[in-house]
Each structure stands twice: as C-alpha cells, then as structure tokens.
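These notes concern the structure reproduced below.
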Amino acid sequence: VGYHWCYQSQKDEQPTCKDPRQWHLIDATCKGRYQSPINIVTKNVIYDKSLQPLNFEGYDVKGSSKWNIENNGHTVKITLSTSPKIGGGGLRRKYRAIELHFHWGAPETLYYLPGSEHSIDGEKQAMELHIVHIREDALDINDAKKISDGIAVLGFFIKVDEENKNYATLINELDNVQYKGKTSQMDPLPLSSLIPPEDDLRIYYRYDGSLTTPDCHEGVIWTVFKKPIELSIFQVSQFATVHFDGKNSTYMIENFRPTQLLNERSVYWSSA
Ligand code: B30
Ligand code: ZN
C-alpha cells in the first residue's frame, strides 16, 4: 500500500503508475461511497445550527521546537512540534493537529491552473491547505484510523491575491526540499498566522469523507472553510519548483485528486 500510486501529472514520466482513476487497484477503499474531495453545491447544503465556530486551542502559540518540512513525493508536508487542538463546531471530541500539507496546480505563462482538491459550485482555487488532526486519545494517524471519527481535516482554499508575508518562512524552505525524501528543519510559526483570522472562520462546510490519497481511508470529518487564504501569484508559483522525485524528475504540479461523487451524503454548513 502506498507504492506506485501517482497523480495524473506524473503519468508521462511513470506510464505504469496508478493514477487517481486506478487507485482502487491499490486499495479498494478508494472506490467507496464516502470519498473526498467533493464539489460542494451551495444550493444543496443544509444549515446546521450545531455548527458553531470551532475552538482553536494553541493555534496562537509559536512553539520552541523546530518544524520538520518534508518532500514526501506527493506533497510538501510539515510535521508539527506542538499540539494545537480544535474542538466545538459540532465535533464530538477534541482533535490534535499533527501535520499540514498542500495541494496545488500548475503555473502557465500568464496564468495559474487551479489545484485545490475541493471546489465550490464547480470553482476550484489555486491551492488547498490541509491541517490534519487526530482524535486527542489517538497515538498517531494509524491508530486514529482504527477508531471511529478518528481523523478530522481542516481544508482551507488558497486564492491568488496579495502577497502574504506570514508565508515567507515556509515558502523560503521549499528550496531545501526540492527532491523526494528531502527534509529540513524550520522555525515554527503560530498556526493561526497561516490561516484567516478566527472571525473569518465562522462560515464552513462539514461532511463525512476520506483521506484524498491511498489508502483513501473513510471516516474522516471534513471541515472546509469558505474564506480563502491569500497568497501572491509568485508565492503560489514557488510550490511548483519542487520535484516529484529526484534531480531530473518532473516538477511537482497538479497534486490533487479529482472530485468524487457525493452519493448518499449531505453537506452541512454553519450559517443560515
Ligand atoms: S488528506 O488531508 O486527505 N490529503 C494522509 C493524511 C491526510 C491526507 C491524506 C493522507 C496520510 O497520513 N496518509 C498516510 C501516510 N502516508 C505517508 C505520508 O505522509 O505520505 C502514506 C502513503 O503515502 O501512502 Cu505518502
Ligand atoms: Zn491533503
């Protein structure tokens, strides 16, 4: 499991790898009925008054230990060194943030092809940030997969707009993780500095889904915020300077899974 799956953009270089339409050959869960990401159709979302603003605990804290940033061959992932938590917002438990990573598109001459995983009314954004949380009583993600409601991911759209100075440190680190397997230590940041202000996080969508890569584990509580993070076109383009593999491999671009069918699910939202 986890071997030889790839994104569509890797097929030229690795013609035999399993692209998203074939992921079910790696793990049958990938053709389940509760898969992520999805297109959120706003005319069909259901208002749920229990979806109050989330509580963010320790999101403002800049820890003292370094963060580990890694190119794992499908994204750039940062393993956190503190344990910020979320609760409330209709979650029945508290969840601890363990890592964050990004999905993005591809730079074009005068343009940028969007690479978010979720879309709203068919509209994708440039990128998507995922902050992966596990139930506070779980040891790690594998342990969290064994318990119900073990994983909660917060999804933030990233839109091309003004430069976001809070992302400077992180984006500067991309040079140190150009190739698969490379890691680097970076100064930690308060998680709150990477996402919109708390007041802007009151409007969100909630649904039951999955991890967006194999094994496509289901039982993930998804929260997708309406308000996007803003980065400049230059900042967004920097992500596409890392590579999927070694020195002469293709640039890591379009590392998103296409949207999946909603099937018998509903999407709830926090605002009437
Ligand atoms: S996502 O937020 O739904 N995109 C995992 C976590 C979050 C998402 C997808 C996957 C995850 O932890 N997967 C299992 C671990 N991975 C290792 C890894 O970090 O990168 C195993 C693997 O592929 O098969 Cu590579
Ligand atoms: Zn992700």
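Here is a list of conditions, (1) within 16 Å of ligand 1 (Cβ to nearest atom); (2) on the phi > 0 side of the Ramachandran plot, and residue 122 meets all of them except one; can you say which number that is?
(1)
Does residue 39 satisfy the condition of being within 16 Å of ligand 2 (Cβ to nearest atom) and closer than 28 Å to residue 237 by Cβ?
Criteria not met by residue 39.
Among the residues of region 201-244, which ones are within 13 Å of ligand 2 (Cβ to nearest atom) and in contact with a Cys (Cβ under 8 Å, 6 or more places away or on another chain)?
Result: 210, 214, 216.
In region 73-89, what residues are within 16 Å of ligand 2 (Cβ to nearest atom) and either open to solvent by less than 30 Å² (accessible area, probe 1.4 Å) or touching a His at 6+ places or on another chain (Cβ under 8 Å) (or both)?
73, 75, 76, 77, 78, 80
Please give the strands (runs of 3 or more DSSP E) falling wholly within region 92-131 in which 2 or more residues are within 14 Å of ligand 2 (Cβ to nearest atom) and closer than 20 Å to residue 244 by Cβ.
95-104
Taking region 1-20 on its own, how many of its residues are without any contact (Cβ under 8 Å) to a residue 12 or more places away in the chain and either surrounded by fewer than 12 Cβ atoms within 10 Å (Cβ to Cβ) or within 21 Å of the chain's Cα centre (by Cα) (or both)?
Selection size over region 1-20: 1.
Out of curiosity, is residue 215 more than 16 Å from ligand 1 (Cβ to nearest atom) and either within 22 Å of residue 93 (Cβ to Cβ) or charged (D, E, K, R) (or both)?
The answer is no for residue 215.
Would you tally the residues in region 54-67 being farther than 20 Å from residue 151 by Cβ and open to solvent by less than 50 Å² (accessible area, probe 1.4 Å)?
Going through region 54-67 one residue at a time, the tally reaches 2.
So, in region 131-167, of the ones that are buried (at least 17 other Cβ atoms within 10 Å of the Cβ) and free of Cβ contacts under 8 Å to residues at least 60 places away in the same chain, which residue ends up farthest from residue 93 (Cα to Cα)?
132
Looking at region 32-50, is at least one residue polar (S, T, N, Q) and in contact with a helix residue (DSSP H, G or I) (Cβ under 9 Å, 6 or more places away or on another chain)?
Initial filter on region 32-50 (polar (S, T, N, Q)): 35-36, 39, 42, 44, 50.
Still in the list and also in contact with a helix residue (DSSP H, G or I) (Cβ under 9 Å, 6 or more places away or on another chain): 35.
Yes: one or more hits.
(1) of a type in the set (D, E, K, R); (2) surrounded by 18 or more Cβ atoms within 10 Å (Cβ to Cβ); (3) free of Cβ contacts under 8 Å to residues at least 60 places away in the same chain: which one isn't true of residue 92, the others all being true?
For residue 92, the failing item is (2).
Could you please let me know if residue 247 is open to solvent by 40 Å² or more (accessible area, probe 1.4 Å) and under 20 Å from residue 68 (Cα atoms)?
Spelling it out, it is not the case that residue 247 is open to solvent by 40 Å² or more (accessible area, probe 1.4 Å) and under 20 Å from residue 68 (Cα atoms).
The values are calculated or read from the model by the stated rules, or taken from the named source; none is laboratory data. Since the model is a prediction, treat every value here as computed from it, not as a measurement. Cβ coordinates were reconstructed from backbone atoms using ideal geometry, including for glycine residues, and neighbour counts include every protein chain displayed. Areas reflect the complete protein model, heavy atoms only, side chains present, ligands, DNA and RNA absent. Shrake-Rupley method; radii C 1.70, N 1.55, O 1.52, S 1.80 Å.
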